[in-house]
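Before I ask anything, let me first share the structure, which is written out below as C-alpha cells.
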Amino acid sequence: MKIHNLTQQPSVLNTFIAEIRDPKIQKDSLRFRRNIERIGEVIGYELSKDLLYKYQEVTTPLGVKKMQLLQNEVVLCSILRAGLPLHQGLLNYFDAAENAFISAYRKPLKAADDFEIIVEYFATPSIENKTMLLADPMLATGQSLVAVYNAIKEQGIPKEIHIVAVIAAKEGIEFIKNHFPENTHLWVAAIDDTLDKKGYIIPGIGDAGDLAFGTKL
Ligand code: URA
C-alpha cells in the first residue's frame, strides 16, 4: 500500500484540518461539512495527479489544442453517513464519476469497548476493473474499511483502490495494510497517534457523522 500523507508538506489544508478539530468551530455544522468537502477537493486534486492521462484534441471556437485528459473510469464509493461531505468534495472534482454508497456501523458487543462492524446497504454501479475512490473520513481501527472492502469484492474487483481519509490513526493504517491489495493507495490529510478504548482517534475530532449531521440514538 502506498501512503500519501498530505500534511507532510504544510499547506492551506492544515487550516481546514485545524478548523474541524476546534470544538468552537465544530459547533457550526455547515462549516464542518464544508471543511470536510474542501479536504475532499484538495485530496481529489492531489490524487488526480496519480491517474492515467492521454493526449486528446480539444476543439475551441478558434482552434484545436492537444491536452492530457483523464482516462480512468472512476467510481466514488463512500461509507455512510460520515463519508457524505467527503464524497461531495471528491465529486466536485471527479464530476464524471459513477457513485456507490455503502453503510457500515459499529454494533456494540457485550464488553463495553468491543464492537462488530455491520455492513447492510450497498448501492453500486459495476466496479469491475474501474478506479475506485473509497471515502472514509476517519480511519480509526480500520475494521469498517476492511468490512466494506469484503463487501466490495463480492460485486467485482476494481483495477485499483484509492482510499481517501481525512484523519487516520497509525494503528488503523497498519491494520488495513494487511487487508487491501498491494496496489492500493491511501490518501490522508492527517495522521494521529492513538485510539481511545472506544476506538476513537486521539486527538482526532470526535464523531465525524455527529459533527456533520447531528447526534443519533
Ligand atoms: N469515527 C469517527 O467519527 N471518529 C473517530 O475518531 C473514529 C471513528
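Could you tell me which of the residues Ala147, Ala151 is over 30 Å from Asp28 (Cα atoms), modelled with pLDDT of 95 or more, more than 16 Å from the ligand (Cβ to nearest atom) and in a helix (DSSP H, G or I)?
On the way: Ala147 fails: more than 16 Å from the ligand (Cβ to nearest atom).
One residue alone meets the criteria, Ala151.
Has the stretch 203-216 got any residue that is among the hydrophobic types (A, V, I, L, M, F, W, C) and either closer than 27 Å to Leu51 by Cα or free of Cβ contacts under 8 Å to residues at least 24 places away in the same chain (or both)? Give the steps one after another, and end with the answer.
First pass over the stretch 203-216, keeping only residues among the hydrophobic types (A, V, I, L, M, F, W, C): 205, 208, 211-213.
From the residues that got through so far, the ones that are either closer than 27 Å to Leu51 by Cα or free of Cβ contacts under 8 Å to residues at least 24 places away in the same chain (or both) too are none.
For the stretch 203-216, residues among the hydrophobic types (A, V, I, L, M, F, W, C) and either closer than 27 Å to Leu51 by Cα or free of Cβ contacts under 8 Å to residues at least 24 places away in the same chain (or both): absent.
If a residue has to be away from the ligand (no atom under 16 Å from the Cβ) and within 17 Å of Leu80 (Cβ to Cβ) to count, how many in the stretch 128-144 make the cut?
Keep residues of the stretch 128-144 that are away from the ligand (no atom under 16 Å from the Cβ), which gives 128-133.
Among the residues that remain, those that are also within 17 Å of Leu80 (Cβ to Cβ) are: 132-133.
Residues in the stretch 128-144 being away from the ligand (no atom under 16 Å from the Cβ) and within 17 Å of Leu80 (Cβ to Cβ): 2 in total.
On the given criteria, is Ser11 in a strand (DSSP E or B) and surrounded by 11 or more Cβ atoms within 10 Å (Cβ to Cβ)? Write out each step before concluding.
Working: in a strand (DSSP E or B): no; surrounded by 11 or more Cβ atoms within 10 Å (Cβ to Cβ): yes.
No, not satisfied.
Further question: Look through Ala97, Ala82 and report the one residue that is more than 29 Å from Lys216 (Cα to Cα), touching a helix residue (DSSP H, G or I) at 6+ places or on another chain (Cβ under 9 Å), of a type in the set (A, V, I, L, M) and surrounded by 10 or more Cβ atoms within 10 Å (Cβ to Cβ). Don't jump to the end; show me each part of the working.
Working: Ala82 fails: more than 29 Å from Lys216 (Cα to Cα).
The unique qualifying residue is Ala97.
Filter the stretch 42-59 down to residues that are surrounded by 19 or more Cβ atoms within 10 Å (Cβ to Cβ) and of a type outside the set (Val, Ile, Thr) and give me whichever is farthest from Leu76 (Cα to Cα).
So, considering only residues that are surrounded by 19 or more Cβ atoms within 10 Å (Cβ to Cβ) and of a type outside the set (Val, Ile, Thr), the one farthest from Leu76 (Cα to Cα) is Leu47.
Restricting to the stretch 172-212, name every residue that is more than 11 Å from the ligand (Cβ to nearest atom), outside any strand (DSSP E or B) and either in contact with a Phe, Trp or Tyr (Cβ under 7 Å, 6 or more places away or on another chain) or not aliphatic (A, V, I, L, M) (or both).
Filtering the stretch 172-212 for residues more than 11 Å from the ligand (Cβ to nearest atom) gives 173-191, 193, 197.
When the remaining residues are screened for being outside any strand (DSSP E or B), the result is 173-184, 193, 197.
Within the stretch 172-212, Glu174, Phe175, Lys177, Asn178, His179, Phe180, Pro181, Glu182, Asn183, Thr184, Asp193, Lys197 qualify.
Enumerate the strands (runs of 3 or more DSSP E) found wholly within the stretch 33-135, keeping only those where 3 or more residues are of a type outside the set (A, V, I, L, M, F, W, C), touching a residue at least 40 places away in the same chain (Cβ under 8 Å) and over 30 Å from Thr7 (Cβ atoms).
On the way: elements: 53-59, 64-70, 74-80, 98-108, 115-123, 131-135.
Filter on the stretch 33-135 gives an empty set.
If His162 meets every condition in (1) within 16 Å of the ligand (Cβ to nearest atom); (2) within 18 Å of Ile39 (Cα to Cα); (3) in contact with an Asp or Glu (Cβ under 8 Å, 6 or more places away or on another chain) apart from one, which number is that one?
Only one criterion is unmet by His162, namely (1).
The values are calculated or read from the model by the stated rules, or taken from the named source; none is laboratory data. Small disclaimer: the values here were computed from a predicted structure and weren't measured. When we count neighbours, we look across all protein chains shown, and the Cβ atoms used for this are built from the backbone with ideal geometry, even at glycine.
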